[in-house]
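Some notes on the structure that comes next.
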Amino acid sequence: MWACLSLLLTLCLLHRGEAESDGGGPRCQLPPAWSIGEEEPMKGAMGRVTVVALFQASNFDCSSLSRLDSLRQKLEGQGLKDVVYIVVNHQGEEAQRLHTVLAQRMTENITLYKQDPQQPDVWQTLSGEKDDFLIYDRCGRLTHHISLPYSIIGQGHVEGAIRDTYCKRICGDCTHEDESSCKLALISASY
């Protein structure tokens with residue numbers, strides 16, 4: 001009986017994991033329009049795989065930034081180059097007040113955006129929550145929306161989603177895709 005219950009629980013958790021890791025928006029759709037000030041980051045990222053992280057500056061934890069940069073360095077070292085990394089800070093008062101703390105911990109390879117409280121909330125526009133990752137293919141189509149607990153960097157879900165988006169045609173053909181870049185990345189990763 002316990003074996004059956006364990007199996008049933010495992011199957012339920014696996015199903016929930018799939019739903020959570022790709023929830024929050026229709027897969028292979030273009031993102032809703034969003035901007036920070038006058039800038040539209042998704043338009044500037046067209047032609048490259050784009051990783052959008054929804055982080056919240058707080059007194060408690062900015063370690064997600066260092067893990068994201070470590071992951072970026074690892075993937076670039078393995079040949080997954082020309083990936084855009086974007087962090088959008090929360091629109092709340094504390095996050096806005098601590099935005100400079102977050103900015104000080106950023107590298108120049110990850111773009112940090114501070115939301116204007118007078119503009120629509122980007123997180124809400126993207127149907128996102130704290131620590132979500134949204135991965136877009138080179139044509140700007142959503143391939144993965146990863147939420148907690150699957151969005152914790154180091155568990156492999158975010159890294160796998162970036163690799164899959166970089167190397168596979170999840171949403172079909174894209175005029176911006178280049179198969180040779182993925183082959184080079186896979187070759188360098190095997191060394």
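Summary table below
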item: Computed E for Asn109/Cys174 - FRET, C-beta separation, R0 25 angstrom, nearest 0.05; result: 0.60
item: Extension gain, Ser63 back to Thr100 (0.36 nm per residue minus Cα-Cα distance, nm); result: 11.8 nm
item: FRET efficiency for Gln73 and Leu148, using Cβ-Cβ distance with R0 set to 35 Å, rounded to 0.05; result: 0.90
item: Residue-count net charge about Gly37 - beta-carbon cut-off 10 Å; Lys, Arg +1, Asp, Glu -1; result: -3
item: Gained length - Gln124 relative to Cys28, 0.36 nm times residue gap less alpha-carbon distance; result: 32.7 nm
item: Fewest-first ranking of Ser64, Ser127, using other Cβ atoms within 10 Å as the exposure measure; result: Ser127, Ser64
item: Placed amide H near Leu112: partners under 5 Å, 5+ positions off or other chain; result: Val87
item: Footprinting exposure proxy for Ser35, Ser70 (fewest neighbouring C-beta atoms within 10 Å first); result: Ser70, Ser35
item: Order of Thr165, Thr175 under a 10 Å beta carbon neighbour criterion, fewest first; result: Thr175, Thr165
item: Region 49-183: C-alpha gyration tensor shape, a/c 1.5 cut-off, then a/b vs b/c; result: prolate
item: Only Lys, Arg (+1) and Asp, Glu (-1) charged, at Cβ; region 49-183 dipole about Cα centre in debye; result: 260
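Bear in mind that the values in this text are calculations on the coordinates, not laboratory data. From a predicted model like this one, the values you see are computed outputs, not experimental measurements. A quick note on method: Cβ atoms are made from the backbone with ideal geometry, for glycine too, and the neighbour counts reach across all protein chains shown.
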